[in-house]
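**Q** Dumping the structure here so I can ask a few things about it.
The values are calculated or read from the model by the stated rules, or taken from the named source; none is laboratory data. Keep in mind it's a predicted model, so treat the numbers as computed, not measured. Please note: Cβ atoms are built from the backbone with ideal geometry, for glycine as well, and neighbour counts cover all protein chains shown.
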């Protein structure tokens with residue numbers, strides 16, 4: 001598994017201690033921060049491989065901390081919170097979180113989600129590039145280009161886009177996208193994938209490329225030119 005460095009940002013010292021013990025038993029290196037400000041200082045000093053971030057922090061809340069993290073890094077962030085309402089999950093995902101787990105935390109589920117997020121953030125061993133229209137994805141570098149300009153994407157958005165480009169002009173199924181982008185089977189009750197696709201669509205629609213993402217009912221998504229909308 002290696003010595004991946006995990007940063008836990010949570011003011012609940014009992015929970016942070018439990019997570020630290022669990023993760024160290026799994027051979028992770030763990031550091032903890034009790035506030036968003038302290039966590040951001042640690043990230044600036046030494047970038048971790050993954051961040052476990054609580055929402056209800058004193059002072060700067062987890063959503064604000066996530067925005068600050070995303071302004072400087074694409075490090076995977078899994079949000080941990082007692083706030084499990086759909087709107088809260090969508091808010092976290094729309095701000096760039098890779099995943100979202102409600103408390104109380106199931107240790108096995110947490111470890112599986114972490115492993116999937118770390119695997120997604122690791123560059124592919126075999127360099128590969130795929131193109132569609134003016135889009136080019138470099139899976140080795142984890143970078144996407146549109147009209148020769150770099151697209152600013154989260155790790156998950158990049159994984160979604162890479163699958164869409166590989167499938168284009170055909171449809172990429174939700175199962176395929178969920179497995180690649182989230183590391184799990186698609187669940188129609190989990191809106192995580194749709195939120196990531198929506199964020200990605202907004203970024204494409206904000207460009208002058210004419211490319212967008214079409215939702216295909218009962219199947220998945222595909223890339224298309226906006227002027228060819230169905």
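**Q** Going by what's in this entry, would residue 39 be described as buried (at least 19 other Cβ atoms within 10 Å of the Cβ), more than 19 Å from residue 198 (Cα to Cα), touching a residue at least 12 places away in the same chain (Cβ under 8 Å) and outside the structural domain of residue 142 (by TED's automatic domain parsing)?
**A** The answer is yes for residue 39.
**Q** Looking only at the stretch 202-212, how many residues end up being within 17 Å of residue 154 (Cα to Cα) and not in a loop (DSSP other than H, G, I, E, B)?
**A** Qualifying residue count for the region: 4.
**Q** Criterion first (out of contact with any helix residue (DSSP H, G or I) (no Cβ under 9 Å at 6 or more places or on another chain), in contact (Cβ under 8 Å) with a residue 24 or more places away in the chain and surrounded by 18 or more Cβ atoms within 10 Å (Cβ to Cβ)) does residue 47 satisfy it? Talk me through it step by step, then tell me what you get.
**A** Numbers: out of contact with any helix residue (DSSP H, G or I) (no Cβ under 9 Å at 6 or more places or on another chain): yes; in contact (Cβ under 8 Å) with a residue 24 or more places away in the chain: yes; surrounded by 18 or more Cβ atoms within 10 Å (Cβ to Cβ): no.
No, not satisfied.
**Q** A further question follows. Since residue 27 meets every condition but one in (1) assigned to a loop (DSSP other than H, G, I, E, B); (2) more than 19 Å from residue 107 (Cβ to Cβ), which condition does it not meet?
**A** Answer for residue 27: the failing condition is (2).
**Q** Would you check if residue 150 is out of contact with any helix residue (DSSP H, G or I) (no Cβ under 7 Å at 6 or more places or on another chain) and closer than 22 Å to residue 95 by Cα?
**A** Yes, satisfied.
**Q** Look at residue 178 and say whether it is touching a helix residue (DSSP H, G or I) at 6+ places or on another chain (Cβ under 7 Å), more than 16 Å from residue 137 (Cα to Cα), part of a helix (DSSP H, G or I) and not assigned by TED's automatic domain parsing to the domain that holds residue 91.
**A** So residue 178 passes the test.
**Q** Identify, by number, the condition in (1) closer than 22 Å to residue 111 by Cβ; (2) free of Cβ contacts under 8 Å to residues at least 60 places away in the same chain; (3) assigned to a helix (DSSP H, G or I); (4) touching a helix residue (DSSP H, G or I) at 6+ places or on another chain (Cβ under 9 Å) that residue 64 doesn't meet.
**A** Residue 64 satisfies all of (1) closer than 22 Å to residue 111 by Cβ; (2) free of Cβ contacts under 8 Å to residues at least 60 places away in the same chain; (3) assigned to a helix (DSSP H, G or I); (4) touching a helix residue (DSSP H, G or I) at 6+ places or on another chain (Cβ under 9 Å) except (1).
**Q** In the stretch 67-79, what count of residues is obtained for those that are touching a residue at least 24 places away in the same chain (Cβ under 8 Å) and either crowded, with 22+ Cβ neighbours inside 10 Å or part of a loop (DSSP other than H, G, I, E, B) (or both)?
**A** Here the count works out to 8.
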